[in-house]
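J.: Dropping the structure in here first, questions after.
The values are calculated or read from the model by the stated rules, or taken from the named source; none is laboratory data. Everything quoted here is computed from the prediction, not taken from an experiment. With ideal geometry, Cβ positions are generated from the backbone for all residues, glycine too; neighbour counts draw on all protein chains shown. For accessibility, only protein heavy atoms count, side chains too; no ligands or nucleic acids. Shrake-Rupley method; radii C 1.70, N 1.55, O 1.52, S 1.80 Å.
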Amino acid sequence: MKYVHGYAARESRRLVDQATTLADILHSDTVYPAGSYVLEAGCGVGAQTIILARNSPNANFTAVDLSKESLRAAKERVSSKGFTNVTFHQSDIFHMPYDDNSFDHLFLCFVLEHLPNPIEALLCLRRVLKRGGTITVIEGDHGSTYFHPESPGARKTIQCLVDIQAEMGGNSLVGRQLYPLLKKSEYIDIRVSPRMIYVDSSKPDLVEGFTKNTFIAMVEGVKEQAMRSRLMEEEEWDQGIRDLYRTTGENGTFIYTFFKGKALK
Ligand SMILES: C[S@@+](CC[C@H](N)C(=O)[O-])C[C@H]1O[C@@H](n2cnc3c(N)ncnc32)[C@H](O)[C@@H]1O
């Protein structure tokens, strides 16, 4: 599968940094009851899985992903932390081998943004969810990014990521669409809450974990594709990235909004 961020080691580290830094803001209100069966779709290297398993130690998680390699890393990560409440399966969201109505809850994070057909994915997931069960979807929206000092060059590098992801059939502006996507996929009682991350130099953990190692790392990850597609000249790109790093300086600020949707079947 082609996926804008790829599966390289740096990307695995980025996904883990992202999940760890954002754990409170994204996960603190997701706790599943003891004994419930929860499907995590597109678990990747298990960055969210360990947080789910820790926050709901008595729920049973099934974590699926297309990538064998990511699943191997996820398995290792979860067992190294001593969690025994997760089983892993290699499976495609669009062809899951599970019976109708077989899970109490569904969870997915940063998956819809990579799919050309998010409604179809949400419908496939809905099939395996019990009536009255919940779906929780977390997505970013790169259009929600703003920062100081302002820089048109930095904005251009971010736009490259948006364009390249779109070219690959994804949508990095999907956060703002969670409500209509869930609605069109026939979920009910939909609630979407924006989760804003505000970073300045008084929060060194967020400067490192979010601005540098999550966001800028993600933009830097598409340099090669941006050069190949001639979206920017290399010099202009490098300056744009330097400008993004200026937002992590003493007087810089960086703001981004994630969206968390919860709904029922
Ligand atoms: C950005 S990663 C997010 C991983 C994890 N949820 C996280 O937040 O760290 C997206 C993941 O979705 C997986 N994926 C994409 N399409 C899929 C599909 N059709 N079925 C299962 N997994 C899929 C990819 O393999 C990748 O691991």
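J.: With every protein chain kept in place and ligands, DNA and RNA left out, what is the accessible area per residue of the chain? Probe 1.4 Å, answer in Å².
T.: 46
J.: ³J(HN,Hα) across the stretch 117-129 via Karplus (A = 6.51, B = -1.76, C = 1.60, θ = phi - 60°), whole Hz, x for Gly/Pro?
T.: The phi angles translate into 10, x, 5, 4, 4, 5, 5, 4, 5, 4, 4, 8, 8 Hz.
J.: Please list, ordered by chain and number, the residues whose modelled amide H lies under 5 Å from the amide H of Phe88; skip anything fewer than 5 residues away on the same chain.
T.: Under 5 Å from the amide H of Phe88: Ala63.
J.: How large is the convex hull of the C-alpha atoms of the stretch 22-100 per residue, in Å³?
T.: 94
J.: Here's another thing I want to ask about it. Applying 1/(1 + (r/R0)^6) with R0 = 35 Å to the Cβ-Cβ distance of Asp205 and Ala8, what FRET efficiency is obtained, to the nearest 0.05?
T.: In this case the efficiency is close to 0.90.
J.: Additional query: Could you tell me the calculated FRET efficiency between Glu120 and Ser28, based on Cβ-Cβ distance and R0 = 30 angstrom, to the nearest 0.05?
T.: 0.45
J.: To check my understanding: the extent here is largest minus smallest coordinate of the Cα atoms along each principal axis. What are those three numbers for the stretch 183-232, in Å, largest first?
T.: 43, 37, 13
J.: Sticking with this one: Hey, what do the phi angles of the stretch 54-70 turn into as Karplus ³J(HN,Hα) couplings, whole Hz, using 6.51/-1.76/1.60 and θ = phi - 60°, x for Gly and Pro?
T.: Listing the rounded values in order: 6, 6, 10, x, 9, 9, 9, 9, 10, 10, 10, 7, 6, 8, 4, 4, 5 Hz.
J.: Now, a different point. Antiparallel as a % of all DSSP beta bridges within the chain, to the nearest 5?
T.: Bridges in the chain that DSSP calls antiparallel: roughly 50 percent.
J.: Using mean Cβ contacts within 10 Å as the protection proxy, how do 47-55, 28-36, 86-94, 206-214 order, highest first?
T.: Those peptides, ordered most packed to least, come out 47-55, 206-214, 86-94, 28-36.
J.: Kindly flag which residue pairs out of Lys203/Lys223; Lys156/Lys203; Lys183/Lys262 have an alpha-carbon separation exceeding 23 Å in this structure.
T.: Lys203/Lys223; Lys156/Lys203
J.: So, one more: Using a 1.4 angstrom probe and counting only protein chains, how large is the accessible area of Leu173 in Å², to 10?
T.: 50
J.: Residue separation times 0.36 nm, minus the C-alpha to C-alpha distance between Glu167 and Thr84: what's the value?
T.: Full-extension gain reported as 26.0 nm.
J.: Would you compute, from DSSP H runs of 4+ residues alone, the mean residue ellipticity of the chain at 222 nm, taking -39500 (n - 2.57) per run and dividing by the full residue count, rounded to the nearest 500?
T.: Computed ellipticity for the chain at 222 nm equals -11000 deg cm²/dmol.
J.: First measure r as the distance between the Cβ atoms of Ile255 and Asp100, then evaluate 1/(1 + (r/R0)^6) with R0 = 41 Å and state the FRET efficiency to the nearest 0.05.
T.: So the FRET efficiency works out to roughly 0.45.
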